[in-house]
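The values are calculated or read from the model by the stated rules, or taken from the named source; none is laboratory data. Just so we're clear, the structure is a prediction, and the values are computed from it rather than from any experiment. Cβ atoms come from the backbone with ideal geometry, glycine included; neighbour counts cover every protein chain shown. Heads up: the accessible areas ignore ligands, DNA and RNA and are worked out on the full protein's heavy atoms, side chains in. Shrake-Rupley method; radii C 1.70, N 1.55, O 1.52, S 1.80 Å.
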Amino acid sequence: MDNIDKELLRTISDIEDTPNGAYNIRKNGQGVERKITKNINIVTKKDVSGIDIYVKENTKFEFVHIPVIITESGLIDVVYNDFHIGENANVVIIAGCGIHNDNENDSQHDGIHRFFLEKNAKVKYIEKHYGEGNGQGKRILNPVTEVYLKEGANLEMESIQIKGVDSTIRVTKGILEKDTNFVVTEKIMTHGNQYAETEFEVSLNRRKCKYTCNI
């Protein structure tokens, strides 16, 4: 990791050194560092680019970091990450993407994340997006988040676009079962000619489901 890599990781996921808990760091379309724990396993997908994260039932107060950084101009990176959260688990997942682009070609990251929460599972999901660099190439981030909550599950999602992102189309979808909570907070900073679009589609399948969105 060079100084640019370290600064990007610090900005998007508060990583100063080795993260606590399980983690997977992706750079320029490839996994570069990974650690698993007794309760959290991370497996590389075989059919598409991405990972499966498995959290055992009853896991309490553990962290998972899955940051992505891009320093290669002209790269289009698409990744599919699935989170399988066991019954009664309670974890914090810290994601995010930082792009450094000093050249004339566009750099883009599309992250498709799916969350499968079993009964009474609880997740705090934090995602930060950031762009920098002196080149004319654009920094493009298009996140897709799909949420599937079983009875009694709770997902709190905090999504922050810090600055420097030229274009983003953000899509959030959810299917909520009985007695579930899905709370989304989005903070999107743009300036100049930057473009941002956000879209939500949430289905409440049973009574006493709650979906809240703050933008």
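Only residues that are farther than 14 Å from Met157 by Cα and either open to solvent by less than 60 Å² (accessible area, probe 1.4 Å) or out of contact with any Lys or Arg (no Cβ under 8 Å at 6 or more places or on another chain) (or both) were counted across region 91-115, and they come to 15.
Has region 195-214 got any residue that is among the basic types (Lys, Arg) and within 21 Å of the chain's Cα centre (by Cα)? No; the residues of region 195-214 include none that is among the basic types (Lys, Arg) and within 21 Å of the chain's Cα centre (by Cα). Kindly indicate whether any position in region 169-188 is open to solvent by 40 Å² or more (accessible area, probe 1.4 Å) and on the phi > 0 side of the Ramachandran plot. Among the residues of region 169-188, at least one is open to solvent by 40 Å² or more (accessible area, probe 1.4 Å) and on the phi > 0 side of the Ramachandran plot, which makes the answer yes.
Of the residues in region 189-196, not one is farther than 25 Å from Glu118 by Cα, modelled with pLDDT of 95 or more, crowded, with 17+ Cβ neighbours inside 10 Å and of a type in the set (A, V, I, L, M). Considering only region 34-43, I want to know if a residue exists there that is open to solvent by 70 Å² or more (accessible area, probe 1.4 Å), part of a strand (DSSP E or B) and over 24 Å from Leu75 (Cβ atoms). Yes, region 34-43 has at least one match. Quick one: is Ala121 touching a Gly at 6+ places or on another chain (Cβ under 7 Å), within 20 Å of Gly21 (Cα to Cα), among the small types (Gly, Ala, Ser) and open to solvent by less than 30 Å² (accessible area, probe 1.4 Å)? Yes. Considered as a group, the residues in region 140-158 that are open to solvent by 30 Å² or more (accessible area, probe 1.4 Å) and in contact with a strand residue (DSSP E or B) (Cβ under 7 Å, 6 or more places away or on another chain) include one that is farthest from Ser107 (Cα to Cα), and that residue is Lys150.
Restricting to region 12-30, what's the tally of residues that are farther than 21 Å from Asp106 by Cα and touching a strand residue (DSSP E or B) at 6+ places or on another chain (Cβ under 6 Å)? Give the derivation first.
Kept after step one, since they are farther than 21 Å from Asp106 by Cα, are these residues of region 12-30: 13-25.
Among the residues that remain, those that are also touching a strand residue (DSSP E or B) at 6+ places or on another chain (Cβ under 6 Å) are: 13, 19-25.
Number of matching residues: 8.
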